[in-house]
Amino acid sequence: MTDNNIIDMERIPQHIAIIMDGNGRWAMERGKERSYGHQAGVDTVRRITAECTRLGVKYLTLYTFSTENWNRPEEEVSALMGLVLSSLEDEIFMKNNVRFRVIGDTDRLPESVRIKLQETMEHTAANDAMTMVVALSYSARDEITRAVRKIAKDVKDGNTDIESIEEQTITDNLDTCFMTDPDLLIRTGGELRISNYMLWQIAYSELYFCDTYWPDFGEKELHDAIISYQGRQRRFGKTEAQVEENNK
């Protein structure tokens, strides 16, 4: 267990995934357009990326734009795409020694965004303090569907035997195959749902929900989430007694 107010630096979650919710509501409560909230949310990304790097988190995955978000008003989608471009700046990655990766159906993105994503991944490839992963044009069901198609094609082409397919086969064909599963999933904004986010990967993740809108989510709120995580016992299907015995 950890002190209620102190982070145990020996038990930092290695992969934190975040559903960044509440930008639009934050803006509307201030009499602003929803795009104003999304811009404020980019500033939060900068702060949280820097703090996660400082704490020693190895992967930070941010739910930025879902496949369902394509159904939002065209002007909001356009504004979000513009924000994606403007947020991919060197400072956030090079200053913090952060590598950039993206997951999702990027073929649907505008060409200018796809080019910038590729350039940023190449430019930051040697950074090794942390990997920041953006889930863009992403949904878990779409990701799993695409993985199943890849596996089915391998079977059809004779490269994979049906009987050899196991959990790891699916994991290896997901967008997230290059990283570990999330230890901690945080959702801001007060909603209590997963919203089609990393459904396969969060099978044993610890979940943390808070009412704070994403633009107001700062270092203190991040610390609160980590402290909550550190106060839990992760059993992965085992009994409490088994876990305690293994930890001796």
Report the extension gain between Glu76 and Ile144 in nm, rounded to one decimal, defined as 0.36 nm multiplied by the number of residues separating them, less their alpha carbon distance. 21.8 nm
Going by Cα centres, segment 184-217 and segment 1-57 are how many Å apart? 11
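To the nearest 20 debye, what charge dipole does segment 89-216 have about its Cα centre, counting +1 at the Cβ of each Lys and Arg and -1 at the Cβ of each Asp and Glu?
Dipole size: approximately 320 debye.
Where Lys and Arg each count +1 and Asp and Glu each count -1, what net charge lies around Thr49 among other residues with Cβ under 12 Å from its Cβ?
That works out to 0.
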Can you compute 3J(HN,Hα) from phi for each residue in segment 195-204, using the Karplus curve 6.51 cos²θ - 1.76 cosθ + 1.60 with θ = phi - 60°, rounded to whole Hz and x for Gly and Pro? 6, 6, 10, 6, 4, 5, 6, 9, 3, 10
In terms of modelled amide H atoms, which long-range or inter-chain residues lie less than 5 Å from the amide H of Tyr138? Phe65, Ser66, Thr67, Asp105
If you consider only alpha-carbon coordinates, what radius of gyration and Dmax does segment 1-89 have, in Å? 15.7, 48
Could you tell me the number of lysine pairs in the chain with C-alpha atoms less than 25 Å from each other, where the two lysines are 8 or more residues apart or belong to different chains? 6
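So between Phe178 and Arg234, what do we pick up on full extension, going 0.36 nm a residue minus the alpha carbon distance? List each step's numbers first, then the result.
Numbers: separation 56, 0.36 × 56 = 20.16 nm, distance 2.29 nm.
Value of the extension gain: 17.9 nm.
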How big is segment 45-133 by Rg and Dmax over its Cα atoms, in Å? 13.4, 38
Could you derive backbone 3J(HN,Hα) for segment 159-168 from the dihedral phi with the Karplus parameters 6.51, -1.76 and 1.60 (θ = phi - 60°), listing whole Hz in sequence and x where the residue is Gly or Pro? 8, 9, 8, 4, 5, 8, 6, 9, 4, 5
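Report the charge-dipole magnitude of segment 76-123 in Debye, nearest 20, computed about the Cα centre from +1 at each Lys and Arg Cβ and -1 at each Asp and Glu Cβ.
Details: 6 positive and 9 negative charges, 30 e Å.
Roughly 140 debye for segment 76-123.
Mind putting a number on the dipole of the chain about its Cα centre? Charges go on the C-beta only, +1 for Lys and Arg and -1 for Asp and Glu, and I need it in Debye to the nearest 20.
On the way: 30 positive and 43 negative charges, 37 e Å.
Dipole about the Cα centre, nearest 20: 180 debye.
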Per-residue [θ]222 nm for the chain (sum of -39500 (n - 2.57) over DSSP H runs n ≥ 4, rounded to 500): -12500 deg cm²/dmol
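By average Cβ neighbour count within 10 Å, what is the ranking of 50-60, 69-79 from highest down? Numbers along the way, then the final one.
Working: 50-60: 19.0, 69-79: 12.6.
Packing proxy ranking, top to bottom: 50-60, 69-79.
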Which value, in Å³ per residue, describes the convex hull spanned by the Cα atoms of segment 108-248? 196
Length gained when the stretch Arg54-Asn159 is fully extended (0.36 nm per residue, less Cα-Cα span): 33.5 nm
Taking Rh as the Kirkwood radius, which is the inverse of the mean 1/r over Cα pairs, what is the Rg/Rh value for segment 35-86? 1.05
Measuring from label point to label point, each 7 Å out along Cα→Cβ, what is the Asp128 to Arg11 span in nm? 2.9
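Give me the one-decimal Kirkwood hydrodynamic radius in Å for the chain, with the sum taken over alpha-carbon pairs. Present the calculation step by step, with values, prior to reporting the outcome.
Numbers: mean 1/r = 0.0518 Å⁻¹.
After inverting the mean inverse Cα-Cα distance, the result is 19.3 Å.
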If I ignore ligands, DNA and RNA and count only protein heavy atoms, how much of Arg101 is accessible to a 1.4 Å probe, in Å² to the nearest 10? 60
Whole-Hz Karplus couplings 3J(HN,Hα) for segment 51-64, θ = phi - 60° and coefficients 6.51, -1.76, 1.60, Gly and Pro as x, run 6, 5, 4, 4, 6, x, 5, 9, 9, 10, 10, 10, 7, 9
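The values are calculated or read from the model by the stated rules, or taken from the named source; none is laboratory data. Just so it is clear, the model here is predicted, and its values are computed rather than measured. Quick reminder, even Gly has a Cβ in these numbers, built from the backbone with ideal geometry, and neighbours come from all protein chains shown. Surface areas here come from the heavy atoms of the whole protein model, side chains and all, with no ligands, DNA or RNA. Shrake-Rupley method; radii C 1.70, N 1.55, O 1.52, S 1.80 Å.
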